[in-house]
Structure formats: structure tokens, C-alpha cells
Amino acid sequence: MSTPRIVVTGIGASSPIGGTAPDSWSALLAGASGTRTLDHEWVEQYELPVTFAAQAAVRPDTVLARPEAKRLDPSAQFALVAAREAWADAGEPDVEPERLGVDFATGIGGLWTLLDAWDTLKEKGPRRVMPMTVPMLMPNAAAAAVSMHLGARAYARTVASACASSTESIVNAFEHLRLGLADVVIAGGAESAIHPITMASFASMQALSKRNDDPAHASRPYSIDRDGFVMGEGAAALVLEREDHAIARGAKIYAAVVGGGITADSYHITAPEPEGLGASRAVRAALEQAGAGIADVTHINAHATSTPTGDIAEYRALLSVFGDRLHEIPVSATKASTGHLLGGTGALEAVFTILALQERLAPPTINTTTQDPEIPLRISSEAVPLGAGTQFALSNSFGFGGHNAVAAFASA
């Protein structure tokens with residue numbers, strides 16, 4: 001029995017640069033930045049050292065009906081918005097509920113619900129804590145909401161692997177489809193963690209950029225003066241299915257998912273392995289599963305958080321796999337535009353990677369002032385044409401805990 005080819009037939013996104021996937025992509029190509037000064041009272045109240053973030057361009061509770069939004073944490077609200085867009089984009093496939101699966105990730109889950117409930121308990125007592133608090137704060141709330149909305153009964157699984165989470169969910173969905181566990185899977189990730197506790201914590205560990213005077217240019221991957229990442233929020237979703245299933249129903253096909261690699265550093269809870277050994281193994285695993293070589297890769301969407309240690313570790317990982325060939329490949333570091341969506345970031349970057357293959361354009365990397373000479377990647381402040389012929393791209397995600405996930409895509 002031959003291994004089925006897995007394709008992407010629908011995409012959706014709610015990001016700091018657009019309320020939909022097309023809007024986010026257009027803004028990305030235009031070199032937009034979603035990072036702005038926060039106008040919340042709590043920034044001044046808690047004297048936060050970082051006063052900016054990349055908030056979503058469209059609040060999810062303005063898209064959803066009020067009764068359903070009230071029963072979901074903002075992270076799950078984002079998930080449902082992105083999933084609905086992807087499902088509609090895929091033509092709302094007619095699939096048996098028992099053959100429809102959900103692989104949806106988060107890094108943190110219902111943070112706002114948890115901490116708001118704690119405040120309510122302290123200030124007003126236990127009787128005022130909402131009965132829906134636990135269902136709203138649990139990390140699987142997004143997967144559950146998507147599953148119940150679509151009637152997906154094959155399974156509804158959640159990955160929580162920090163910033164690698166949603167790339168891992170996409171790889172899992174790819175493998176679940178190849179194993180025959182479903183005919184169609186909606187995969188992705190969501191996060192809504194721009195909260196005083198996370199802002200203070202990330203700032204305390206020196207992980208966030210502190211360019212309060214110039215937030216739009218704070219995330220500057222590969223720049224010699226990079227000083228940390230920018231918090232982002234939102235969600236993205238992909239509809240994946242077997243190619244024969246997609247063709248039979250006349251679906252449009254964006255691209256194919258052709259491989260994935262998932263590894264662990266087992267090195268440090270927050271720092272990447274300095275030589276990128278675990279990351280390079282994930283890249284090699286994705287290439288091997290795809291049956292591809294280094295000469296086949298025409299584009300890379302890098303993790304590239306704009307941290308001093310993270311960017312160079314990823315470069316070393318890629319260099320160990322590709323050698324000098326690496327410097328010919330157009331690389332995009334899209335967090336410069338969107339900020340870092342934590343558990344949702346891999347899904348959003350997968351959407352960007354898929355659209356890059358479809359439109360044969362590597363999106364620009366903004367804000368890099370003077371490129372670090374120790375990271376001589378091929379990046380551009382303008383979109384780069386990818387040329388004719390079959391295109392093959394990698395999307396990288398790495399997370400606290402030493403989680404590494406790489407997804408490989410090929411043009412349709």
C-alpha cells in the first residue's frame with residue numbers, strides 16, 4: 001500500500017498584522033510591523049520594564065458571537081476564529097465526523113482566565129469564581145472548541161511544547177493522516193499571553209527587547225544589535241487531507257506537507273543548545289521523511305526570534321545541514337513583523353510558508369539594521385522571487401524545554 005500524499009486545502013489566521021490569512025500575508029509582503037506601545041493601565045500600574053507588544057489586529061471577541069466568546073478564553077477565541085476561516089477556505093469538506101480530526105496546540109493556554117479567576121477569588125471569594133473557569137483555562141480548550149464547532153470525532157489532540165507547539169501539531173496531523181487515523185485534519189495553534197505576569201517574567205529573564213522608544217523596529221532578527229523578542233498573540237489553522245480525498249471533492253490545493261522532524265535538546269530549560277544539534281537533527285529528519293536533499297530546498301522560514309543566542313544557534317544548526325548551500329537559500333524571519341506568538345507561531349509561519357510556495361515569493365525580513373557577520377544568511381527587506389519549478393520549503397520552530405519541530409512543504 002502506497003503512502004498517501006498530504007495536502008493543504010484551507011488556511012486561516014488572526015495575527016498582529018491582519019485579521020485573516022490574506023490580510024496577514026498582504027501586510028507581511030508590504031513590510032508592516034504589528035508591534036505597538038501597549039495602552040493598558042496595567043503597564044503603568046506594575047511598572048513593567050517593557051511597554052510594547054504585537055497585539056492582534058482584530059480582537060477575536062469582535063468576530064465571534066457574544067455568547068460563545070464569553071465561554072472561551074481569548075486563546076481559544078483566536079483558535080476558533082482561525083479554524084473557521086480555514087474550514088470555509090477549504091470549502092467546508094463533507095467528511096464523516098468519525099474521519100475528521102483536530103490537532104491544535106498552545107504553549108500556555110488559558111492564562112487570562114486563570115489569573116482573572118485568581119483575582120476574583122482573592123477579592124470576592126469562591127462563590128464568585130465562574131463555573132466555566134476550568135474548561136476555559138485548560139490547555140486543550142482550543143482543540144475542544146474547534147472539535148465541537150466542526151463536529152470532529154476522530155480525535156482532538158493538544159500539543160504543549162512551548163514555541164514549537166503548533167509546528168509539532170502540524171507534523172502530528174501529517175503523520176496521523178498518513179496512518180489513516182482520519183481523512184481530514186484541522187491543525188494549528190493559538191496563544192493569548194500578553195499579560196503583565198508573562199511580560200514581567202520574560203523581561204526578567206532578559207528575553208524581551210526593551211526598545212520602548214521604537215517598538216515597531218524592536219524585533220530585528222540577525223541584526224548585530226538585536227536584544228530580544230517581541231510578545232505576539234493570535235492563531236493560525238490549516239486544513240490537511242489526503243490528496244486523493246481533496247481531488248475527489250474538487251478542492252483547491254495550496255501545497256503539500258511532505259515531511260516533519262521533532263527532536264529534543266535535553267540541554268537547558270530556556271537556552272538553545274549552542275551548536276543547534278537538536279535543531280539540525282529535526283531538519284535532517286524532515287528532509288529524510290520528505291525524501292529530499294539539501295539541493296531541493298528553495299526557501300526557509302526561520303524561527304529567528306531576535307534573541308542574541310537563539311538566532312545564532314539556529315544558524316549553526318542550518319549550516320551544519322546545508323553547508324555553503326545555505327547561503328543561496330532565501331530565508332525569511334517573519335517574527336520581525338508579527339512578533340512571537342509562542343504556541344501559535346509555528347502555525348502562522350506555516351501559513352506564510354505555504355503562501356510563499358504558492359505565490360513563489362519569500363516574504364521580507366524587516367528591521368535588520370546591520371546584519372550580524374556571524375549569521376550571513378540570505379535575507380532581504382523586500383520580497384524575493386523563488387523562481388520556476390517545484391518549490392520546497394522548511395518552517396522551523398524551537399521552544400523552551402529544548403523542543404525542536406520542523407515542517408517541510410512542497411509546492412502543489
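Taking the criterion of being without any contact (Cβ under 8 Å) to a residue 12 or more places away in the chain and open to solvent by 30 Å² or more (accessible area, probe 1.4 Å), the residues of the stretch 113-128 that qualify are ASP116, TRP118, ASP119, THR120, LEU121, LYS122, GLU123, LYS124, PRO126, ARG127, ARG128.
Is at least one residue of the stretch 39-62 in contact (Cβ under 8 Å) with a residue 24 or more places away in the chain, open to solvent by less than 10 Å² (accessible area, probe 1.4 Å) and of a type in the set (Ser, Thr, Tyr)? Within the stretch 39-62, none of the residues are in contact (Cβ under 8 Å) with a residue 24 or more places away in the chain, open to solvent by less than 10 Å² (accessible area, probe 1.4 Å) and of a type in the set (Ser, Thr, Tyr). Does the stretch 329-347 contain at least one residue that is open to solvent by 20 Å² or more (accessible area, probe 1.4 Å) and either farther than 23 Å from PRO215 by Cβ or touching a helix residue (DSSP H, G or I) at 6+ places or on another chain (Cβ under 8 Å) (or both)? Within the stretch 329-347, none of the residues are open to solvent by 20 Å² or more (accessible area, probe 1.4 Å) and either farther than 23 Å from PRO215 by Cβ or touching a helix residue (DSSP H, G or I) at 6+ places or on another chain (Cβ under 8 Å) (or both).
In the stretch 339-353, the residues that are within 14 Å of ALA56 (Cβ to Cβ) form Cβ pairs under 6 Å with partners that are open to solvent by 10 Å² or more (accessible area, probe 1.4 Å) and in a loop (DSSP other than H, G, I, E, B), at six or more places apart or across chains, as follows: HIS340/THR305; LEU342/GLY107. Evaluation of ASP311 against the conditions (1) in contact (Cβ under 8 Å) with a residue 12 or more places away in the chain; (2) more than 30 Å from ALA143 (Cα to Cα); (3) among the acidic types (Asp, Glu); (4) surrounded by fewer than 20 Cβ atoms within 10 Å (Cβ to Cβ) shows that the sole unmet condition is (4). Taking the criterion of being among the hydrophobic types (A, V, I, L, M, F, W, C), within 24 Å of VAL134 (Cβ to Cβ) and either in a helix (DSSP H, G or I) or modelled with pLDDT under 95 (or both), the residues of the stretch 53-106 that qualify are ALA69, ALA76, PHE78, ALA79, LEU80, VAL81, ALA82, ALA83. The one condition from (1) in contact with a Pro (Cβ under 9 Å, 6 or more places away or on another chain); (2) farther than 27 Å from ILE253 by Cβ that GLU41 does not meet is (1). Within the set GLY110, GLY101, the sole residue that is more than 25 Å from ASP39 (Cβ to Cβ) and either open to solvent by less than 20 Å² (accessible area, probe 1.4 Å) or more than 22 Å from the chain's Cα centre (by Cα) (or both) turns out to be GLY101. Here PHE398 fulfils each of the conditions (1) of a type outside the set (A, V, I, L, M); (2) under 16 Å from the mean Cα position of the chain (by Cα); (3) part of a loop (DSSP other than H, G, I, E, B) apart from (3). Among the residues of the stretch 169-219, what is the count of those that are in a helix (DSSP H, G or I), open to solvent by 10 Å² or more (accessible area, probe 1.4 Å) and of a type outside the set (Val, Ile, Thr)? So the answer is 12. Of note, THR263 satisfies the criterion of being in contact (Cβ under 8 Å) with a residue 12 or more places away in the chain, more than 24 Å from ALA383 (Cα to Cα), touching a His at 6+ places or on another chain (Cβ under 9 Å) and not in a helix (DSSP H, G or I). Applying the criterion of being within 18 Å of the chain's Cα centre (by Cα) and among the aliphatic types (A, V, I, L, M) to the residues of the stretch 213-231, the residue that is farthest from ARG378 (Cα to Cα) is MET231.
With ALA65, ALA88, ALA83, ALA69 as the choices, which residue is out of contact with any Ser or Thr (no Cβ under 6 Å at 6 or more places or on another chain), of a type in the set (Gly, Ala, Ser), more than 24 Å from TRP42 (Cβ to Cβ) and free of Cβ contacts under 8 Å to residues at least 60 places away in the same chain? After applying the criteria, what remains is ALA65. Taking every residue in the stretch 272-284 that is touching a residue at least 60 places away in the same chain (Cβ under 8 Å) and pairing it with any residue that is among the β-branched types (Val, Ile, Thr) and open to solvent by 50 Å² or more (accessible area, probe 1.4 Å), at least 6 positions away or on another chain, the pairs with Cβ-Cβ distances below 8 Å are PRO272/THR309; ALA282/ILE262.
When the residues of the stretch 268-302 are filtered to those that are acidic (Asp, Glu) and not in a helix (DSSP H, G or I), the one that is least open to solvent (accessible area, probe 1.4 Å) is GLU273.
The values are calculated or read from the model by the stated rules, or taken from the named source; none is laboratory data. From a predicted model like this one, the values you see are computed outputs, not experimental measurements. Cβ atoms come from the backbone with ideal geometry, glycine included; neighbour counts cover every protein chain shown. These area figures cover heavy atoms from the full protein model, side chains too; ligands, DNA and RNA do not enter into them. Shrake-Rupley method; radii C 1.70, N 1.55, O 1.52, S 1.80 Å.
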